[in-house]
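Structure first, then comments.
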Amino acid sequence: MIKYIIKRLLLLIPVLLGVLIIVFTITYLTPGDPVVSLLGSSYTPETYAAKAAEMGLDKGYFGQLGTYIFNIFTKFDFGKSYMTNNPVVESLMARAPVTAKIAMITVVIALCVGIPCGIIAAIKQYSILDYGFTSFALLSSAIPSFVLAPVFLVIFGVKLKWLPLSGLTSFKSYILPILVSAIGGFALITRMTRNSMLETIRQDYIRTARAKGMRMNAVIRKHALKNALIPVITVTGSWFAMLMGGSLIVEMIFTIPGLGTYLYSGISNRDYPIINGSVFLTSSIVCIMSIVVDILYTVVDPRIKTQFVKKKKTKVKKTEGENA
C-alpha cells in the first residue's frame, strides 16, 4: 500500500507539469498586454521595455515558460502579482486556510446529515420519510447557489438581522456561506447514499444475514454501510476538491477573501501569475484528493485492501517459481 501511494505521488509530477504548461500557454496566447494595462496609453518604448523586463515578459514563450517552471520547482516561486506586486505564493497561503476551513466544515455537515438521511430513505423506501428526504434533496439540487445565497442574505441578514451580510468578522460570518454550500452537497450525498444503499441491501449476503436473525440496524452497520459508502466517498472527494478550488459564487456574494475571489481578481485584471498559481494549486488539490479517496477505499472496504496483498503474493510466487 505504501509503495502504491509513493507511486501515485510520483505520477503527480508529470500531471502537474502538464497542467503548468497548458495553463501558461493559454494565458500567454490570451489577447491583451499586461504591460500596456499597467502603463496605460501614455508610455514610451523605453518605459515599456523597462517594465516588460521587470515583469519578466521581455523573453519569448520558451524563455518565459522555462524560467517559470524552474522557479516553481526550485524556489516554489509563482512570481508576483502584476497589480499589487505581492508574491503569489504568500497570497495563496493566506487565502487557502479560509477556503479550507469553509470547505471542511461544509463537507462534515453535509456528510453528517446526508448519509443518515440517505440510509433512512433507503430502509424506509416509498414511505413518507423517503419521499420527504428525496423531494428535499431534489429541490435543493435544483436551486443554484447564486439564487440561494441572495435569498438567505435577505432573510437572515436584512430582514431578521441575525447574521452578518459579508466578510469574516466573527464565527457568525461563516454560517451563511457554509449553509449555502452544504445544502447542495447534502442533496448530492443523500441521493447517492440512498441509491447505493438500495443496491446493497438487495444483495444475497444481506438477505442471508437477515435470515440468520440479525436486526436490520446491525446488518446496516456491520455489512451494508461499508459497501454503500464507496460511491459516496468518490463523490465527496470530488466535491471537496471543488470546494477547495474556491466556490467563486459563494465567495463573491459573501465577500470572502478565499481562493475563488483571488482567481476572479486575476482573471478580471489579466494578472497571469495569479491565474497560473491558482489553477496549479487547484489541480494539486484535485490530484491529492484522488489519492486520499483511494486510501479511504481500503479503510472502508477491506476487500479492496486485499487486492494489494494478493498482487504482492502473486509476484512473490512467480519469483519463487522462476527460481525453482
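Couple of notes before you dig in:
- Within segment 80-114, the set of residues being touching a Ser or Thr at 6+ places or on another chain (Cβ under 9 Å), more than 30 Å from Leu188 (Cβ to Cβ) and open to solvent by 10 Å² or more (accessible area, probe 1.4 Å) comprises Tyr82, Met83, Thr84, Pro87, Ser91.
- Lone qualifier among Phe146, Phe152 - being assigned to a helix (DSSP H, G or I), in contact with a Leu (Cβ under 6 Å, 6 or more places away or on another chain) and not hydroxyl-bearing (Ser, Thr, Tyr): Phe152
- For segment 118-133, filtered to residues that are modelled with pLDDT of 90 or more and β-branched (Val, Ile, Thr), the residue that is surrounded by the fewest Cβ atoms within 10 Å (Cβ to Cβ) is Ile128.
- For segment 103-117, the count of residues that are modelled with pLDDT under 90, in the same structural domain as Glu199 (by TED's automatic domain parsing) and not small (Gly, Ala, Ser) is zero.
So that you can scan it fast, the table gives a plain yes or no per residue for (1) assigned to a helix (DSSP H, G or I); (2) modelled with pLDDT of 85 or more; (3) of a type in the set (Ser, Thr, Tyr); (4) crowded, with 18+ Cβ neighbours inside 10 Å:
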position	(1), (2), (3), (4)
Tyr174	yes, yes, yes, yes
Pro177	yes, yes, no, yes
Arg191	yes, yes, no, yes
Gly213	no, no, no, no
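- Exactly one residue out of Ser166, Ser140 is on the phi < 0 side of the Ramachandran plot and surrounded by 16 or more Cβ atoms within 10 Å (Cβ to Cβ), and it is Ser140.
- The one condition in (1) over 30 Å from Val292 (Cβ atoms); (2) modelled with pLDDT of 80 or more that Leu38 fails to fulfil: (2)
- Residue pairs meeting the criteria (Cβ under 7 Å; at least 6 apart or on separate chains; first under 14 Å from Asn269 (Cα atoms) and small (Gly, Ala, Ser), in segment 68-87; second assigned to a loop (DSSP other than H, G, I, E, B) and open to solvent by less than 30 Å² (accessible area, probe 1.4 Å)): Ser81/Asp271
- Some residue of segment 58-74 being touching a Lys or Arg at 6+ places or on another chain (Cβ under 8 Å) and over 19 Å from Tyr262 (Cα atoms): yes
- Failed criterion for Thr236 (all others in (1) assigned to a helix (DSSP H, G or I); (2) polar (S, T, N, Q); (3) without any contact (Cβ under 8 Å) to a residue 60 or more places away in the chain hold): (3)
The values are calculated or read from the model by the stated rules, or taken from the named source; none is laboratory data. Predicted model, so just to flag it, every value in this text is computed and none were measured. With ideal geometry, Cβ positions are generated from the backbone for all residues, glycine too; neighbour counts draw on all protein chains shown. Note: areas computed on protein heavy atoms with side chains; ligands, DNA, RNA excluded. Shrake-Rupley method; radii C 1.70, N 1.55, O 1.52, S 1.80 Å.
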